[in-house]
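What follows is a set of notes on a single structure, which appears directly below.
Readers should treat all values here as calculations from the given coordinates under stated rules, not as data from a laboratory. Given the structure is predicted, the values throughout are model-derived calculations rather than measurements. Here the Cβ is made from the backbone with ideal geometry for all residues, glycine too, and neighbour counts use every protein chain on show.
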Amino acid sequence: MDLRHDGSELGKAMRRHPGVRPDVLIEDLAEQLGRDCEVEPPVDMSLVASMQGVSEITETLSSHSGCLITTPEGLRIELSATDGWTRQRFTIGHEVSHTLLPGFELERNFRCNPGASSPKRGHPVNVEWLADVGASELLLPRRFVRDRFAKEPFGWDTIEGVANDYTASLEACARRFVRLSETPAIFVRLVFATSRNNPTPALRVRTSSSSPSLSLFIPPNKSVPRTHPVHDAVLGVDVDTVADMQSLRAPGRYRIAARQYPLPTPKGETVMSVMLIGLKSETHERRSI
């Protein structure tokens, strides 16, 4: 899809600013929408949606997290009734962001795989990923959170604090931290799972994100060796150290913070996951914890 030749707000922005990445432009458009709504944290996502012509937000039992539907009365957003409130708030932002992207009036837009990894370098831009970028700006406006991430201590206490204040999920806040970090950064969520070629459970990547400056793709299902310090988080230890991340195809050394968190499954069960954020660093020494 060539986004430059349609009548969407993103298409117009790409024509005004040739050469600027579409994710940068969608973030700018979402920021302006938030400013027009004069939102303050925690952002009133229903207000933002109404500004884009959404007349109704309903819950439904379905396999998708969200759906944007054009009706004679206006736009309607459907949310999965089984999702938690923080996830629903992000989904509202995702569907609202579709109103800035091509084709939303011509077809239903489903959000089925929230938290997909950043696209591979050189691959076509994924519209669903762009909608996630826009949702992150609407829910966690950079004019509010950028300085907070920069000034508060690196680690999960800060991520948790932002999540509580903005009524957002930990993963959404971690991804926002990575995108806004001046130092190249990564986020990874890992769970114990098997692979097609290895029946032995290992700590494997479920979702990931990286700073745009890294041009990095961390493959889903990639495993971390049991000797890696991130495994300490499985034992309930808060990890704060410097480690090589080559096993996840993130070359170089990173200062990592990792913590264990429960993760709900679509079947209503709970599994333990490890959340990791990392700042690229070649000079820090290992820090005792």
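Note that the stretch 123-257 shows a convex hull volume over its alpha carbon atoms of 128 Å³ per residue.
Each listed q (0.15, 0.16, 0.18, 0.30 Å⁻¹) maps to a log10 I(q)/I(0) for the stretch 147-208 from the Debye sum over equal C-alpha point scatterers, namely -0.54, -0.59, -0.69, -1.29. Considered as an equivalent ellipsoid built on the Cα gyration tensor, the chain has semi-axes of 32, 21, 19 Å, the largest given first.
Just to be sure I follow the definition: excluding the sites themselves, where is the longest run in the chain that has none of the trypsin sites (Lys or Arg not before Pro) in a DSSP loop with at most 16 other Cβ atoms within 10 Å? Looking at the chain, 1-107 is the longest stretch - no exposed trypsin sites (Lys or Arg not before Pro) with at most 16 other Cβ atoms within 10 Å.
Of all beta bridges that DSSP places with both ends in the stretch 51-101, some 50 percent have antiparallel geometry.
Which FRET efficiency value, to the nearest 0.05, do you get for Lys267 and Asp244 by plugging their Cβ-Cβ distance into 1/(1 + (r/R0)^6) with R0 = 30 Å?
Here the calculated transfer efficiency is 0.25.
In the chain, Cα pairs under 8 Å separated by at least six residues give a relative contact order of 13 percent.
Summarising the strand pairing of the chain, around 90 percent of its internal DSSP beta bridges are antiparallel.
For the pair Thr70 and Asp165, a Förster radius of 35 Å applied to the C-beta separation gives a FRET efficiency near 0.55, rounded to the nearest 0.05.
Normalised by the residues of the stretch 151-289, what does the relative contact order come to in percent, with Cα pairs under 8 Å and at least six apart? Let's see the in-between values first.
Values: 275 pairs, mean separation 30.5, N = 139.
Relative contact order, the stretch 151-289: 22 percent.
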